[in-house]
Amino acid sequence: MLGPSLAVSAILFTIGVTGVLLRRNAIVLFMCVELMLNAVNLTFVALARNLGLDGQVFVFFVMTVAAAEAAVGLAIIISLYRHRDTVNLEHINLLRG
Amino acid sequence: MYGIVFGAASIIAIVSAILCVTRRSPVASALWLVSVMFQLAVLYVLLDAQFLAAVQVLVYAGAIMVLFLFVIMLLNIGRPGPSDMKGALGRVAGIVVGLIVLAELIGLRQVRLPRGGSLPDGTIARMVEQQGPLHAVATPLFQQYLIPFEITSVMLLAALVGGVVLAKRRID
């Protein structure tokens, strides 16, 4: 089941990348990043069957980092919303050249 | 049976992911993402990672997605407003880049696993059966990866402090 798992993982990752490129809502963008992290976790779990349990241990660390990232990222979005009253990234263009 | 469950979970996961990316309402997106995470938990069980499946449901589908929904409710942006999709040019560019990424990932099929390090089929399943799903993962986590595990706790503390400082309402 290694091949199909990696295929599903690749497709999910691609959907996540496309979502990040297509959407402008900062929260939905974050969800797409979570989707990509999940796709990578699936790769780790699938390869752990062939290469040992280290892959499963690594998924723990990825989940921890994802949890921390979600907490900090959503805090940033909240403070952004306080300043600009929007989470649409089109209106947050201070650094645009 | 195994193949049917695997295929069904994969298809539901992919369809849910597409719906998650395309729904206009952030709440609908979040709920479809929860569906993806549940299907991934099913796949983890099929891939001999029972404990990770439980953690996936608890941490991802439970904690992280509740955090997302909580922020959506807090900012009161749950209603589907005007579409936040990019314009026609941005859409085409996004889909083209997505297809290129997929093609690159498919190109990775050429990579072969190292022959020497590859375990025979069913090794992990046997380990899980003998030691229990928790013990099999806990042993490397608390022996070989003890220092990364401890560093993770420092990172969580930093994230906790950072989250409070960033989201705190400043009193003028």
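The values are calculated or read from the model by the stated rules, or taken from the named source; none is laboratory data. Worth saying up front: this structure is predicted, and the values here are computed from it rather than measured. With ideal geometry, Cβ positions are generated from the backbone for all residues, glycine too; neighbour counts draw on all protein chains shown.
In table form, for the structure just shown:
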| read-out | value |
| --- | --- |
| Considering residues of the range B:47-62 that are at the interface with chain A (Cβ under 7 Å from one of its Cβ atoms) and over 19 Å from A:F13 (Cβ atoms) only, the residue modelled with the lowest pLDDT | B:D48 |
| Among (1) surrounded by 12 or more Cβ atoms within 10 Å (Cβ to Cβ); (2) assigned to a loop (DSSP other than H, G, I, E, B), the one test that B:P120 misses | (1) |
| Any hit, the range B:28-39, residues being farther than 30 Å from B:P133 by Cα, in a helix (DSSP H, G or I) and at pLDDT 90 or above | yes |
| Complete set of residues in the range B:17-38 that are surrounded by fewer than 23 Cβ atoms within 10 Å (Cβ to Cβ) and farther than 19 Å from B:V71 by Cβ | B:I18, B:L19, B:T22, B:S35, B:F38 |
| Breaking point among (1) part of a loop (DSSP other than H, G, I, E, B); (2) touching a residue at least 12 places away in the same chain (Cβ under 8 Å), for B:L134 | (1) |
| Residue within the range A:15-24 that is facing chain B (nearest Cβ under 7 Å), in a helix (DSSP H, G or I) and closer than 17 Å to B:F68 by Cβ present | yes |
| The listed residue being surrounded by fewer than 17 Cβ atoms within 10 Å (Cβ to Cβ) and modelled with pLDDT of 90 or more, out of A:I27, A:I11, A:I15, A:I76 | A:I76 |
| Lone qualifier among B:P114, B:P140, B:P148 - being more than 7 Å from chain A (Cβ to nearest Cβ) and not small (G, A, S) | B:P114 |
| From the options B:L157, B:L141, B:L146, residue that is closer than 22 Å to A:T43 by Cβ and outside the structural domain of B:A49 (by TED's automatic domain parsing) | B:L141 |
| Qualifying residue in the range A:39-49 (condition: within 22 Å of B:A158 (Cα to Cα), at pLDDT 85 or above, under 20 Å from the mean Cα position of the chain (by Cα) and assigned to a helix (DSSP H, G or I)) | no |
| Among (1) over 28 Å from A:G16 (Cβ atoms); (2) touching a Lys or Arg at 6+ places or on another chain (Cβ under 9 Å), the one test that B:Q143 misses | (2) |
| Selection count, the range A:21-56, where residues are β-branched (V, I, T) and farther than 16 Å from B:A30 by Cβ | 3 |
| Residue count, the range A:82-97 (criterion: surrounded by fewer than 10 Cβ atoms within 10 Å (Cβ to Cβ) and of a type in the set (K, R)) | 1 |
| Criterion violated by B:V92 - all others in (1) over 24 Å from B:A9 (Cα atoms); (2) at the interface with chain A (Cβ under 8 Å from one of its Cβ atoms) satisfied | (2) |
| Positions within the range A:55-97 being part of a loop (DSSP other than H, G, I, E, B), over 17 Å from B:F68 (Cα atoms) and not polar (S, T, N, Q), in sequence order | A:D85, A:L89, A:E90, A:H91, A:I92, A:L94, A:L95, A:R96, A:G97 |
| Count of residues meeting criterion [of a type in the set (A, V, I, L, M, F, W, C), surrounded by 13 or more Cβ atoms within 10 Å (Cβ to Cβ) and either part of a helix (DSSP H, G or I) or at positive phi (or both)] in the range B:75-98 | 4 |
